[in-house]
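Colleague: My questions will all concern the structure given below.
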Amino acid sequence: MVHRAGRHFLQIPGPTNVPDRVLRATDRSTIDHRSAEFAALGREVVDGMKRIFQTSGPVVIYPASGTGAWEAALVNTLSPGDRVLMFETGHFATLWQHMAHKLGLEVEFVPGDWRHGADPAQVEERLAADKQHSFKAVMAVHNETSTAVTSRIPEIRAAMDRARHPALFLVDTISSLASIDYRHEEWRVDVTVAGSQKGLMLPPGLSFNAISQKALEASKTAKLPRSYWDWEGMLGSNQTGFFPYTPGTNLLYGLKEAIAMLMEEGLANVFARHDRHAEATRRAVRAWELELLGLNPAEYSSSLTAVLMPRGHDADALRKVVLVRFDMSLGAGLTKMAGKVFRIGHLGDFNDLMLAGTLCGIEMGLGLAGVPHRKGGVDAAMKFLAEGDPRSDKVAAE
Ligand SMILES: Cc1ncc(COP(=O)(O)O)c(C=O)c1O
């Protein structure tokens, strides 16, 4: 392979750029995971993750990708044949639905157009009609990474409350946690699922469940078979900082550093930074006269943007030009959207100039790939970015 100078632009919506501080933190000898030194680390990262999930309740950390934490959420709370309500918001909601089906759950999968989030009105209607309370859980993907559409979790919670339905609420925040405001406790979510490789700025390999008291109660009677994913063993060991099996020690060093970085910046600032970069990106897309996949501005994602290709043009051909010419990876369209959209990741360890570089590469790529567009997307984004960032204005004043 030929060496390419400069840093590769990894602008897929996760895994994201791993900052040097996190890389350096992982670059240490692995320690005895039964030692007092490890227990201190274990306690620190579990407590730190509670702050990231905005919860005072238990958090479990698995040495697994996000899909493992999806499975953990289901097998710990549900029993074979239980009915669950889900929404076809895109590729990842569809995959979670397949998993639920394979595990022996009965899924009601409300069809969707992959351009909207889960509809709170539909949630209320379906739950209100379920007088027998046969639905045991409502499952939603907070940020659909395949479509760049964010479902309105507090509104779905309010809809569940209005229907006075006791179903558990299970939410996937794999591409939103630590990027888009998310409050496990305040929004009364029962199990929140997350992964390490997106807003948490880590390599892939860790995943999480944040758990409510109600979910813990449900786990006592849930009958789906579970062993590796069982919360009981995890929570028992975690109290003293340990794990029931070998933890991802070096990733946990990185997690400790990532949590410190997020806390230094402040979660509210992290969310505002992502909102601002998403707005700048949308301004570029509009100036190019291309179409956003998401149709509802109240559901625009702050961690990525999905752009529809003009009819007759292939998103993968554009992505190839951008990769070959500018050493930048953009997200592909997934399943139903294959070739039709490209996705711009702007989450994790990311700043104004990284976004400007990303948008430059796309604008040049659009020209080289012969995709009809207007010039000026980068200008529109730069104008917005130059208008000021409340945080850097504060830094300048100090
Ligand atoms: C929203 C969402 N859910 C689930 C997953 C699956 O997670 P993993 O690939 O870490 O198993 C992803 C991966 O990108 C995702 O974006």
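Colleague: Could you look through region 296-320, keep only residues that are assigned to a loop (DSSP other than H, G, I, E, B) and loosely packed, with under 14 Cβ neighbours inside 10 Å, and pick out the one that is nearest to the chain's Cα centre (by Cα)?
Modeller: Asn296
Rundown of residues vs (1) surrounded by fewer than 20 Cβ atoms within 10 Å (Cβ to Cβ); (2) more than 19 Å from the chain's Cα centre (by Cα); (3) farther than 21 Å from Val341 by Cβ, yes/no style:
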| position | (1), (2), (3) |
| --- | --- |
| Phe87 | no, no, no |
| Leu105 | no, yes, yes |
| Ala121 | yes, yes, yes |
| Glu125 | yes, yes, yes |
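Colleague: Would a scan of region 85-98 turn up a residue that is at pLDDT 95 or above, within 13 Å of the ligand (Cβ to nearest atom), on the phi < 0 side of the Ramachandran plot and of a type in the set (Val, Ile, Thr)?
Modeller: Taking every residue of region 85-98 in turn, at least one turns out to be at pLDDT 95 or above, within 13 Å of the ligand (Cβ to nearest atom), on the phi < 0 side of the Ramachandran plot and of a type in the set (Val, Ile, Thr).
Colleague: Something else: In this structure, is Leu323 assigned to a loop (DSSP other than H, G, I, E, B) and either among the polar types (S, T, N, Q) or open to solvent by 30 Å² or more (accessible area, probe 1.4 Å) (or both)?
Modeller: no
Colleague: Applying the selection to region 39-48, what residues are touching a residue at least 40 places away in the same chain (Cβ under 8 Å) and within 21 Å of Leu200 (Cα to Cα)?
Modeller: Ala40, Leu41, Gly42, Arg43, Glu44, Val45, Val46, Gly48
Colleague: Determine, yes or no, whether Ser237 is open to solvent by 10 Å² or more (accessible area, probe 1.4 Å) and touching a residue at least 40 places away in the same chain (Cβ under 8 Å).
Modeller: Answer is no for this residue.
Colleague: Among the numbered criteria (1) of a type outside the set (Val, Ile, Thr); (2) under 22 Å from Glu265 (Cα atoms); (3) more than 16 Å from the ligand (Cβ to nearest atom); (4) in contact with a Gly (Cβ under 6 Å, 6 or more places away or on another chain), which single criterion is violated by Pro13?
Modeller: (3)
Colleague: Take Ile52 and decide whether it is more than 13 Å from the ligand (Cβ to nearest atom) and in a strand (DSSP E or B).
Modeller: Answer is no for this residue.
Colleague: Please determine, by comparing only the residues of region 273-295 that are of a type in the set (A, V, I, L, M) and open to solvent by 10 Å² or more (accessible area, probe 1.4 Å), which one is nearest to Leu347 (Cα to Cα).
Modeller: Going through the qualifying residues, I end up with Leu292.
Colleague: A follow-up question, please. Within region 26-38, take every residue that is under 20 Å from Ser196 (Cα atoms) and in a helix (DSSP H, G or I) and give me the one that is most open to solvent (accessible area, probe 1.4 Å).
Modeller: In this case the residue turns out to be Thr26.
The values are calculated or read from the model by the stated rules, or taken from the named source; none is laboratory data. Everything numeric here is computed off the predicted structure, so don't read it as measured data. Because the Cβ atoms are built from the backbone with ideal geometry, glycine has one as well, and the counts that use them run over all protein chains shown. What goes into the accessible areas is simple: the full protein's heavy atoms, side chains included, and nothing from ligands, DNA or RNA. Shrake-Rupley method; radii C 1.70, N 1.55, O 1.52, S 1.80 Å.
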